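Notes to accompany the following structure.
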Amino acid sequence: MNNSTYKDALKNEVFTYITKAATQLKLETYVIGGFVRDFLLQRNNKKDIDIVAVASGIELAKKVASLLPTKPKVQIFKTYGTAMLRYNDTEIEFVGARKESYSENSRNPNVESGSLKDDQNRRDFTINAMAFSLNEGNFGELLDPFNGISDLQNKSIRTPLNPDITYSDDPLRMLRAIRFASQLQFKIEIESLQSITKNAKRLEIITKERIVTELNKILLSPKPSIGLQLLFKTKLLHQILPELVALQGVEYEQGQGHKDNFYHTLEVVDNISENTDNLWLRWSALLHDIGKAPTKRFEKGNGWTFHGHEFVGSKMVYKIFKRLKMPLNEKMKYVQKIVLLSSRPIVIAQEVNDSAVRRLIFDAGEDLEDLLIHCEADITTKNKEKKKRYLNNFKLVREKVKEVEARDKIRNFQPPISGELIMKTFNLKPCREIGTIKEAIKNAILDGKIKNEYNACYDFMLKKGESLGLTTTNNSH
Ligand code: ATP
Ligand code: MG
């Protein structure tokens, strides 16, 4: 047991109120879990605090709320025996110390009240089981029965009890172990890692929503490949995203191999994470090559090809989001779009020309900058010269984009000629020719044949109509 005191950690005035409430109710009270861990790691101050009270957390929460100057509302979750209140921008959760026992088919345990030690035993990792006392007699004392503090120093993730029991009781902890390893850049202790691999199949009792929450946290960590590699190694990834696993490996045909698209993907995700915190752009990087497994062919004379993998990949995005019960909303469409367009700027960077850039601006619209960030992250060649050249080409593309945009105003553009005007000009009822003319005007603008302005487009419309054998009703405009 460690007897150091950490009164400094408890400077937030909210702790004074909790202590006061606990003293009045004569409840033993502690702050536990993430708050303690992150304080000891000097990670930026946490916005959620977990309080454990021996006997009733709900009772304590009510008392604290009545003492706080803001008199916050207490949200009570009866089924879980927990209560939550907000003070300033901090969320404080109260729980009664408990003992848990699990059954085979559920991660929801039977619960009975217990001591602080019982409560620490049910925690997932030694680094998450540490508590600071909020009791008057030993305020600020660290209670660390499993030597979590040395695991913090050794950057190690370890379970308080036998890992087989910990992971099998609640398989979500397997993902949490990997998520913390990725967020904190810690190692999972070997016994734990073996146990996760052994229990990987138990993941099936976890809801998709919870899996995705952890996956998102892995993706948002500083170096997501740490978590993704661990998911792969333990075979959890095989259950969550088999499409990614299918990218792993190199095949040879007539002495020719292709790159390992799984490891390439991990590199791209790490690269992009240095330049963006946008979760959905990180998802796009993760999925940008998934179409490569189903489209892989070896063509004599051509070598390995992945024709149409961007299109196939963007369709797979929908299936994956649906299976993982992720929202099928504009975020998904954004990921599909980045995947679909992921090779376009690369082709353009090889030969930068105006009309290709105009089309890119038109198709990517407001997501063009994100698409370029993706493409830069996609450069994983180890050849320094090549890398420099590619990056430089993207600089040229960006300059060209600016130039074309300023001149041609392509982004979100609507051609200045409407379907109605076409109908009126040629005295038409709704018919196919209208679409043909509209499309021709759009293409002429994108190809730089005409300017994106009314007069030029009107003249072009007349010529196009004529070539389709249409006659005008009147010529004034
Ligand atoms: P974060 O910074 O992500 O909030 P955290 O450690 O606070 O990290 P929470 O999910 O908020 O994580 O959980 C709070 C605490 O509850 C944890 O520190 C841990 O002690 C305990 N805990 C959470 N989930 C589990 C679980 N599945 N099994 C055992 N203990 C858990
Ligand atoms: Mg937390």
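Where a number appears in this text, it was derived from the coordinates with a stated rule and is not lab data. All figures in this text were calculated on a predicted structure; none of them were measured in a lab. Positions of Cβ are generated from backbone atoms using ideal geometry, with glycine treated the same way; all protein chains shown enter the neighbour counts.
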In nm, spacing of pseudo-spin labels at Ser103 and Glu351 (7 Å Cα→C-beta vector): 6.9
Rounded to the nearest 500, what is the chain's calculated 222 nm mean residue ellipticity when only DSSP H runs of at least 4 contribute -39500 (n - 2.57) each, over all residues? -15500 deg cm²/dmol
Only Lys, Arg, Asp and Glu count, each charged at its Cβ (+1, +1, -1, -1), so figure out the dipole size of region 3-154 about its Cα centre, rounded to 20 debye. 480
Rounded to the nearest 20 debye, dipole of the chain from Cβ charges on Lys, Arg, Asp, Glu: 700
State the volume of the convex hull built on the alpha-carbon positions of region 1-97, expressed per residue in Å³ and rounded to an integer. 103
Subtracting the Cα-Cα distance from 0.36 nm times the residue separation, let me have the gained length for Asp89 to Phe311 in nm, one decimal. 75.5 nm
Extension reserve of the Lys201-Asn138 stretch, reckoned as 0.36 nm per residue once the Cα distance is removed: 18.3 nm
Could you pull out the trypsin sites (Lys or Arg not before Pro) across region 1-43 that fall in loop regions by DSSP (anything but H, G, I, E, B) with no more than 16 other Cβ atoms inside 10 Å? Lys11, Lys26, Arg43
Simple spin-label model, 7 Å along Cα-to-Cβ: Glu274 to Glu59 in nm? 5.6
Per DSSP, loop trypsin sites (Lys or Arg not before Pro) in region 422-477 with at most 16 further Cβ within 10 Å: Lys449, Lys451
Heads up, region 156-240 by the C-alpha gyration tensor (a ≥ b ≥ c square roots of eigenvalues; a/c under 1.5 rounded, else a/b over b/c prolate, else oblate) looks oblate
Considering the dipole of the chain built from charges on the beta carbon (Lys and Arg +1, Asp and Glu -1) around the Cα centre, which of Leu244, Gly303, Thr23 is farthest to its positive end? Gly303
Gln239 to Cys431: FRET efficiency via 1/(1 + (r/R0)^6), r the Cβ-Cβ distance, R0 56 Å, to the nearest 0.05? 0.60
Lys/Arg Cβ at +1, Asp/Glu Cβ at -1, dipole of region 104-221 taken about the Cα centre: which of Ile165, Ser192, Ile127 is farthest positive-ward? Ser192
Starting from the Kirkwood radius over alpha-carbon pairs of the chain, derive D by Stokes-Einstein at 37 °C in a medium of 0.692 mPa s and give it in µm² s⁻¹. 123
For the pair Gln42/Asn154, report the inter-label distance in nm, with labels modelled 7 Å from Cα in the Cβ direction. 2.3
Please report, in cubic angstrom per residue, the volume enclosed by the convex hull of the alpha-carbon atoms of region 419-467. 66
Using the Kirkwood formula on the Cα atoms of region 244-346, what hydrodynamic radius do you get, in angstrom to one decimal? 14.3
Give the calculated FRET efficiency between Lys409 and Glu369 to the nearest 0.05, with a Förster radius of 25 Å applied to their Cβ-Cβ distance. 0.90
More than 21 Å apart - percent of Cα-Cα pairs taken over region 293-421: 53
Read phi for every residue in region 368-376 and hand back ³J(HN,Hα) as whole Hz from Karplus 6.51 cos²θ - 1.76 cosθ + 1.60, θ = phi - 60°, with x for Gly and Pro. 4, 4, 4, 4, 5, 4, 4, 5, 5
